[in-house]
Each structure stands twice: as C-alpha cells, then as structure tokens.
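Some notes on the structure that comes next.
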Amino acid sequence: FSVWPVRVQDYEPFAQEATQKWPRPNFKQDPTHPAVSISWDDARRFCLWLTDKERRAGQLGERDEYRLPTDLEWSAAVDLGKESGATPAERDGKIRDVYPWGKDWPPPKNVGNYDGELRKDNFDYTSPVGSFPANRHGLHDLGGNVWEWCNDSYDGQQNYRVLRGASWHSSKAHTLLSSARLFNSPGHRVDIVGFRCVLEARRPSPVFSAREKPANGQTSTS
C-alpha cells in the first residue's frame with residue numbers, strides 16, 4: 001500500500017510518454033504535491049504503465065502488478081475496523097465518530113490538509129504529500145489532501161467508482177469520517193481527486209511432480 005498518493009513528479013512521466021490528457025488545476029502545485037484531476041480510467045492506465053515499465057526494467061516480477069486499492073483495503077489502511085455491508089454504498093458512513101486522527105471533533109491542528117473553514121492547517125489547496133504525521137502503519141494523507149480512487153464500483157453497478165479520504169476542500173464532519181465514501185463516474189476529473197497504488201506481489205502456483213502430488217489432489221504435509 002503506497003505510503004502516500006501519487007505525486008505530480010510520479011504522474012508527469014506517464015502523462016508525457018502516453019500522451020495522456022491531464023488538465024492541470026488553476027492553483028500552483030510543486031512536484032511533491034499529489035497529482036489531481038485524475039479520472040479512475042486515468043489511474044488504471046497509470047498502474048498498467050508503471051507495471052510494464054518496472055517489469056521491463058527488471059524491478060518487478062512478471063506476476064507482480066500495480067493496481068488501485070480495493071475499498072476494504074483502504075478501510076484496513078485507515079484502521080477502520082470491521083464494516084457491515086456488501087458494497088461501498090452499504091458501508092458508506094456507517095461507522096460514526098471515527099476519523100483518521102481519532103474520535104475528536106473538530107479535528108486537532110495539523111492532522112491533515114482540510115478546507116480552510118476548519119482553520120486546522122496552513123494550506124489553501126493541495127499540500128506536499130507527507131506533510132502531516134503518518135498513522136501507525138506508516139501511511140500519510142489518508143485524511144484530506146485529495147480524495148482517492150479505489151478499484152470498486154460504488155454500488156455493485158459499473159456506472160460509479162468509489163473514492164475515499166476527503167480532500168483539501170472538505171470540512172463537514174460526515175465527509176471526514178473514515179467510513180465516508182464519495183462516488184463518481186470513471187471518466188470524471190476534478191482538482192480534489194487523486195489516487196494511490198497498491199503493489200500486489202503474486203506468488204507462482206506450486207508445481208508438483210507425480211510423486212509429490214497425492215492422487216486426491218491434496219498436497220502432502222509430510
């Protein structure tokens with residue numbers, strides 16, 4: 001699970017090499033700010049591009065791949081605990097009074113990059129990733145800075161994809177909940193949305209000889 005969202009300096013080579021459409025925001029960003037105005041489709045293409053690039057460079061196994069996190073992986077990363085519901089829509093906002101920083105409301109100062117209405121940080125728009133303390137897993141920006149795309153559809157249909165984490169433009173208590181979800185169409189781009197990657201390391205399937213593999217198909221433990 002990436003320690004922070006994909007940065008401008010990470011996304012820019014992809015956008016140039018793949019001649020990827022990338023509308024820039026109307027505010028200034030440095031290379032270490034999270035890349036914004038990224039659609040779900042864009043994020044998926046970036047993951048495929050990075051996987052191919054690192055495989056060709058010998059930095060990634062042929063079965064390993066970058067992808068977007070699932071909704072439940074994102075919940076685990078933010079330490080949300082067990083959620084009920086079969087889809088992100090059914091889980092949306094169900095765990096009350098739990099935020100990425102704890103249970104206090106309003107948030108303490110300098111726990112994340114949120115809307116200036118809260119007056120809890122010094123950034124008007126996006127901030128450099130990692131500007132605020134990491135959680136116990138060493139992960140930054142799970143609250144604020146940018147909404148982050150997840151792989152899942154929002155409600156089991158394919159019309160909308162789910163986003164997590166709130167952004168620099170978020171200030172309402174229900175929006176900042178760790179269990180809060182946002183949803184939008186896969187092609188939607190806006191300057192409060194970015195993404196982070198997961199690296200999935202896949203082990204090859206075990207290969208057994210005729211002597212090692214019992215007739216019943218079960219592997220031997222002896």
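Among the residues of region 147-204 satisfying the criterion of being polar (S, T, N, Q) and not in a loop (DSSP other than H, G, I, E, B), which is nearest to Pro128 (Cα to Cα)?
Taking region 147-204 as the starting set, the residues that turn out to be polar (S, T, N, Q) are 151, 153, 157-159, 167, 170-171, 175, 178-179, 184-185.
Now restrict to residues that are not in a loop (DSSP other than H, G, I, E, B): 151, 153, 175, 184.
Working: Asn151: 24, Ser153: 29, Thr175: 22, Asn184: 25 Å.
Checking each candidate, the answer is Thr175.
The rows are residues; the columns are (1) among the aliphatic types (A, V, I, L, M); (2) under 17 Å from the mean Cα position of the chain (by Cα).
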site	(1), (2)
Leu72	yes, yes
Leu80	yes, yes
Ala86	yes, no
Gly112	no, yes
Glu117	no, no
Asp124	no, no
His137	no, yes
Leu142	yes, yes
Asp152	no, yes
Report every pair of residues separated by at least 6 positions or lying on different chains whose Cβ atoms are under 9 Å apart, first residue within region 72-87 and free of Cβ contacts under 8 Å to residues at least 12 places away in the same chain, second open to solvent by 60 Å² or more (accessible area, probe 1.4 Å).
Ala76/Phe1; Ala76/His137; Ser84/Glu90; Ser84/Lys94; Gly85/Lys94
Can you name every residue in region 138-153 that is open to solvent by 30 Å² or more (accessible area, probe 1.4 Å) and over 12 Å from Trp4 (Cβ atoms)?
Asn151, Asp152
Enumeration of residues in region 62-111 that are among the acidic types (Asp, Glu), surrounded by 12 or more Cβ atoms within 10 Å (Cβ to Cβ), touching a helix residue (DSSP H, G or I) at 6+ places or on another chain (Cβ under 7 Å) and assigned to a loop (DSSP other than H, G, I, E, B):
Glu83
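The values are calculated or read from the model by the stated rules, or taken from the named source; none is laboratory data. Owing to the predicted nature of the structure, the values given are computational and were not obtained by experimental measurement. Here the Cβ is made from the backbone with ideal geometry for all residues, glycine too, and neighbour counts use every protein chain on show. Heavy atoms of the whole protein, side chains included, go into the accessibility calculation; ligands, DNA and RNA do not. Shrake-Rupley method; radii C 1.70, N 1.55, O 1.52, S 1.80 Å.
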